[in-house]
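Beneath this line is the structure, given in structure tokens, with notes to follow.
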Amino acid sequence: MNLLGIESVMAPLPRREAAWARIARDLPRDKLEAMAHPATLSDLPALGEAIRKGHVRGRVVVDVNA
């Protein structure tokens, strides 16, 4: 398993805001939504196993209020 990403917390706020604005402008929302899979907190044990086995693609959005 590889967890890859960019640690942007230390980037200056104006630079982070510009990056998020560009993502919002350039990424087609329908494609982004098609990649998202909803989940609840109770789904996490099985979901963690599925991620570990490589069965999950895209991103998972966990609704912590459900």
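Any read-out appearing in this document is the output of simple, stated calculations on the displayed coordinates, not a laboratory observation. Bear in mind that the values here come from a model prediction, so they are computed numbers and not experimental data. In this analysis, Cβ positions are derived from the backbone assuming ideal geometry, glycine residues included, and neighbour counts consider all displayed protein chains.
Details
- Most fluctuating residue given options Leu27, Leu13, Leu41, as computed from a GNM of the chain linking Cα atoms under 10 Å: Leu13
- Here the sum of -39500 (n - 2.57) over DSSP H runs of 4 or more residues, divided by the residues of the chain, equals -13500 deg cm²/dmol at 222 nm, to the nearest 500.
- Charge dipole of the chain (Cα centre as origin; +1 on each Lys and Arg Cβ, -1 on each Asp and Glu Cβ, all else neutral): 260 debye, rounded to the nearest 20.
- Under a Gaussian network description of the chain, with springs only between Cα atoms under 10 Å, the residue in Arg52, Arg15, Arg29 that fluctuates furthest is Arg15.
- For q = 0.13, 0.23 Å⁻¹, Debye-computed log10 I/I(0) when each Cα of the chain counts as one equal scatterer: -0.54, -1.09
- As a proxy for reagent exposure, Asp30, Asp43, Asp63 were ordered by neighbouring Cβ count within 10 angstrom, fewest first; the result is Asp30, Asp63, Asp43.
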